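S.K.: This is the structure, below, for whatever I ask next.
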Amino acid sequence: MANKEKLAEVFVSALGIPPEEVEAAEFKATRQWDSVGHVNLMNAIEESFDISLEPDDIMDFKSFKVGLEILGRYDLESR
Amino acid sequence: MIWNLDKFECAPAVVTDEGRLVDYTELRCLCDEWAAKVPTRSLVFLLVGNNLDSLVAYVACLNHGIVPLMLDAKIDGQLLQRFIEVYRPDFIWRPGENGYVLEKGLRTSDLGHPELFKDLALLLTTSGSTGSPKLVRQSYENIKANTQSIVEYLKLTSTERPITTLPMNYTYGLSIINSHLAVGATILLTEKSIMQREFWNFFTEQGATSFGGVPYTYEMLDKLMFFRRKLPSLRTMTQAGGKILPTLHQKFAEYAQREGKNFVVMYGQCEATARMSYLPPERALDKVGSMGVVIPGGKFSLIDADGSVINEPDVTGELVYEGANVTLGYAECADDLSKGDERHGRLETGDMAKRDADGFYYIAGRKKRFLKIFGNRVNLDETERLIKGAFPGLDCACGGVDDKMKIFIVVDENHGMESVRDFVAEKTHLNFTAFEIVPVALIPKNASGKTLYSEL
């Protein structure tokens, strides 16, 4: 599965939002994406992509779009 | 008057993350201006965030005999309406489109509130999250006494620069403000969370010396690999709002020791203004899991089921606190605001605790049915009532542990599990990850219809 679709699925399950809201999802603007939701989302991403996110990336991960860029910097292909 | 702001003259009182610096003289002037618009002994709802407008209004109220009820600026509209109907405030200070506005209280009847008890200083919610309008009534003496104790045991001086990590309508967040204004320290005001880069930029630029956190804050810091951060200005981390996991306590205490900082575990309740105990930082490592010893000026005792005092170590009993910071009592309607002191300095905490042979206390459980979720008290019975009210015919029971409530429901085709979880999250204003829905065939009950929680 492409990373974008995979990330979208993680957003849906970790934040409990409908798939059509994923692309526009933003930290603090999306209802369930507060600090608590953020930790939950980061943990879910680490688990499903089998990576460990750097603290800087955790803090920069403010939207679906930015998140996708951040994930692009991790070595996902080899997994 | 709670604070003598003039005493600190041109020392900085507040720095905001927007770069605004307010010294103590200016803070006093801002407060005088604010208070000039509101008659003394008025009841005012303050809808607050960690911003200058909220801080000025709060300080103005307390220094000028105006009684505020502190509410989150993001409060649910229905819940706010309920508070207005029950308590009939004279004014509401709330954020508008172009900054804060002072509105006339929306009177639902021609009746205002009755005369406020002369010593009543401040009102705070208990478990406002489940919609209960129950408030804690704090007196001027309560706030002064608790502030004095905190200043003493944390050894606070004017050189402190605490950064805000907790809401101002939350007793712990408020106690940080109270105690630091009392010593002429500088409060770093930000609404950013520790999950945001802007928070840490502000922290470093302004040289923050301390912050407070509930257990969940420390879990987040751990996730952010806080220990890798270079924070030379940081002196003290305090923890309250629920029992921290011993593993995290250990980790932060070790970090503090290694880096020459203080990690201070504390215990308190809104009913005792804020703080009742603290674990001296030099004992943080050899007393992991302990909430420490009683604060200066207070007294703890443990009471067994028969009401007699427990003197032996390591025996669990209900924790009873005595001190000048024990609040006046609760209010459940406007008439209660004229009530006097109902507790007379003695508080049965509802927490079960034991004391070790060295005199250190450990929380062992709770007498009442509530959980602490991200530092907020959430009453389990009230949550059940909320669910049953919104989903007629649905049988449910709430249990679980702190930060993770289990909601047992009898699933039928009319009520999805997700809709219950989302409903509770929305009503309590807490993230839905705190709630786990457990489908069951039936809720076990005894002959008289009482839920048998132990069988769930």
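The values are calculated or read from the model by the stated rules, or taken from the named source; none is laboratory data. Treat the numbers as computed from the prediction; the structure is a model and nothing was measured. Methodologically, a virtual Cβ is constructed for each residue, glycine included, from the backbone with ideal geometry; neighbour enumeration extends over all protein chains shown.
S.K.: May I ask you to say which residue of B:Asn262, B:Asn325 is touching a Pro at 6+ places or on another chain (Cβ under 7 Å), surrounded by 15 or more Cβ atoms within 10 Å (Cβ to Cβ) and either charged (D, E, K, R) or closer than 30 Å to B:Lys155 by Cβ (or both)?
M.R.: Values: B:Asn325 fails: touching a Pro at 6+ places or on another chain (Cβ under 7 Å).
Unique residue meeting the criteria: B:Asn262.
S.K.: Further, regarding this structure: Quick check, is B:Lys251 among the basic types (Lys, Arg) and modelled with pLDDT under 95?
M.R.: On the way: among the basic types (Lys, Arg): yes; modelled with pLDDT under 95: no.
In short, no.
S.K.: Filter the range B:424-456 down to the residues that are assigned to a helix (DSSP H, G or I) and away from chain A (no Cβ under 14 Å), then identify the one that is nearest to A:Arg31 (Cα to Cα).
M.R.: B:Tyr453
S.K.: Also, I was wondering about something else. Give the residues of the range B:370-382 that are within 14 Å of chain A (Cβ to nearest Cβ) and surrounded by fewer than 20 Cβ atoms within 10 Å (Cβ to Cβ), sorted by residue number.
M.R.: Matches in the range B:370-382: B:Lys372 only.
S.K.: Next question. B:Gly241 versus (1) more than 30 Å from B:Lys368 (Cβ to Cβ); (2) at pLDDT below 95: which is the lone unmet condition?
M.R.: For B:Gly241, the failing item is (1).
S.K.: Still on this model: For the list (1) part of a strand (DSSP E or B); (2) out of contact with any helix residue (DSSP H, G or I) (no Cβ under 7 Å at 6 or more places or on another chain), I need the number of the one condition that B:Ser233 fails.
M.R.: (1)
S.K.: Next question, about the same structure. Return the residues of the range B:197-210 that are in contact (Cβ under 8 Å) with a residue 24 or more places away in the chain and more than 14 Å from every other protein chain (Cβ to nearest Cβ); say none if nothing qualifies.
M.R.: B:Gln206, B:Gly207, B:Ala208, B:Thr209, B:Ser210
S.K.: Scan the range A:11-44 residue by residue and report those that are surrounded by 21 or more Cβ atoms within 10 Å (Cβ to Cβ) and away from chain B (no Cβ under 11 Å).
M.R.: Hits for the range A:11-44 are A:Phe11, A:Ala25.
S.K.: Sticking with this structure for a sec: Determine if the range A:54-75 includes at least one residue that is within 17 Å of B:Glu219 (Cα to Cα), among the hydrophobic types (A, V, I, L, M, F, W, C) and surrounded by 12 or more Cβ atoms within 10 Å (Cβ to Cβ).
M.R.: yes
S.K.: Mind telling me which of the residues B:Glu455, B:Glu426, B:Glu436 ends up being charged (D, E, K, R) and more than 26 Å from A:Ser13 (Cβ to Cβ)?
M.R.: Selected residue: B:Glu455, the only one of B:Glu455, B:Glu426, B:Glu436 that is charged (D, E, K, R) and more than 26 Å from A:Ser13 (Cβ to Cβ).
S.K.: Test of understanding: among B:Phe211, B:Phe227, which residue is aromatic (Phe, Trp, Tyr) and in contact with a Phe, Trp or Tyr (Cβ under 7 Å, 6 or more places away or on another chain)?
M.R.: Testing whether each residue is aromatic (Phe, Trp, Tyr) and in contact with a Phe, Trp or Tyr (Cβ under 7 Å, 6 or more places away or on another chain) leaves just B:Phe227.
S.K.: Further, regarding this structure: Go through the range B:17-46 and count every residue that is closer than 20 Å to B:Leu166 by Cα and crowded, with 21+ Cβ neighbours inside 10 Å.
M.R.: Summing the residues that are closer than 20 Å to B:Leu166 by Cα and crowded, with 21+ Cβ neighbours inside 10 Å in the range B:17-46 gives 3.
S.K.: Taking the stated definitions as given, is B:Ile84 β-branched (Val, Ile, Thr), farther than 30 Å from B:Ile194 by Cα, out of contact with any Cys (no Cβ under 6 Å at 6 or more places or on another chain) and modelled with pLDDT under 95?
M.R.: yes
S.K.: To continue, here is another question. Looking at the range B:229-240, can you tell me whether even one residue there is more than 26 Å from B:Gln138 (Cα to Cα), without any contact (Cβ under 8 Å) to a residue 40 or more places away in the chain, within 14 Å of another protein chain (Cβ to nearest Cβ) and not aliphatic (A, V, I, L, M)?
M.R.: The answer is yes, given that some residue of the range B:229-240 is more than 26 Å from B:Gln138 (Cα to Cα), without any contact (Cβ under 8 Å) to a residue 40 or more places away in the chain, within 14 Å of another protein chain (Cβ to nearest Cβ) and not aliphatic (A, V, I, L, M).
S.K.: Considering only the range B:49-71, state which residues are touching a strand residue (DSSP E or B) at 6+ places or on another chain (Cβ under 7 Å), farther than 20 Å from B:Met1 by Cβ and of a type outside the set (A, V, I, L, M).
M.R.: Once the filter is applied, which keeps residues that are touching a strand residue (DSSP E or B) at 6+ places or on another chain (Cβ under 7 Å), farther than 20 Å from B:Met1 by Cβ and of a type outside the set (A, V, I, L, M), the range B:49-71 yields B:Asn50, B:Asn51, B:Asp53.
S.K.: Go over the candidates B:Arg385, B:Arg421 one by one and state the one that is within 12 Å of chain A (Cβ to nearest Cβ) and either farther than 25 Å from B:Thr126 by Cα or not in a loop (DSSP other than H, G, I, E, B) (or both).
M.R.: B:Arg421
S.K.: Is at least one residue of the range B:103-125 of a type in the set (A, V, I, L, M) and surrounded by fewer than 19 Cβ atoms within 10 Å (Cβ to Cβ)?
M.R.: yes
S.K.: Taking only the range B:322-371 into account, find how many residues are in a strand (DSSP E or B), under 30 Å from B:Glu219 (Cβ atoms) and in contact with a helix residue (DSSP H, G or I) (Cβ under 8 Å, 6 or more places away or on another chain).
M.R.: 4
S.K.: Between B:Gly268, B:Gly307, B:Gly297, which is without any contact (Cβ under 8 Å) to a residue 40 or more places away in the chain and out of contact with any Phe, Trp or Tyr (no Cβ under 6 Å at 6 or more places or on another chain)?
M.R.: Answer to the selection: B:Gly307.
S.K.: In the range A:45-66, which residue that is touching an Asp or Glu at 6+ places or on another chain (Cβ under 9 Å) and in contact (Cβ under 8 Å) with a residue 24 or more places away in the chain is nearest to the other protein chains (Cβ to nearest Cβ)?
M.R.: Applying the filter and picking the extreme gives A:Lys62.
S.K.: Give me the residue from the range B:180-196 that is within 14 Å of chain A (Cβ to nearest Cβ) and in contact with an Asp or Glu (Cβ under 7 Å, 6 or more places away or on another chain) and, out of that set, farthest from B:Leu156 (Cα to Cα).
M.R.: B:Lys192
S.K.: Please count how many residues of the range B:388-418 are within 14 Å of chain A (Cβ to nearest Cβ) and in contact (Cβ under 8 Å) with a residue 40 or more places away in the chain. So that I can check it myself, show each step before the final result.
M.R.: Kept after step one, since they are within 14 Å of chain A (Cβ to nearest Cβ), are these residues of the range B:388-418: B:402-405, B:416-418.
Restricting the remaining residues to those that are in contact (Cβ under 8 Å) with a residue 40 or more places away in the chain gives B:402-403.
Residues meeting the conditions: 2.
S.K.: Sticking with this structure for a sec: Look through B:Leu231, B:Leu166, B:Leu135, B:Leu156 and report the one residue that is of a type in the set (A, V, I, L, M) and buried (at least 24 other Cβ atoms within 10 Å of the Cβ). Write out each step before concluding.
M.R.: On the way: B:Leu231 fails: buried (at least 24 other Cβ atoms within 10 Å of the Cβ); B:Leu166 fails: buried (at least 24 other Cβ atoms within 10 Å of the Cβ); B:Leu156 fails: buried (at least 24 other Cβ atoms within 10 Å of the Cβ).
After ruling out the rest, the residue left standing is B:Leu135.
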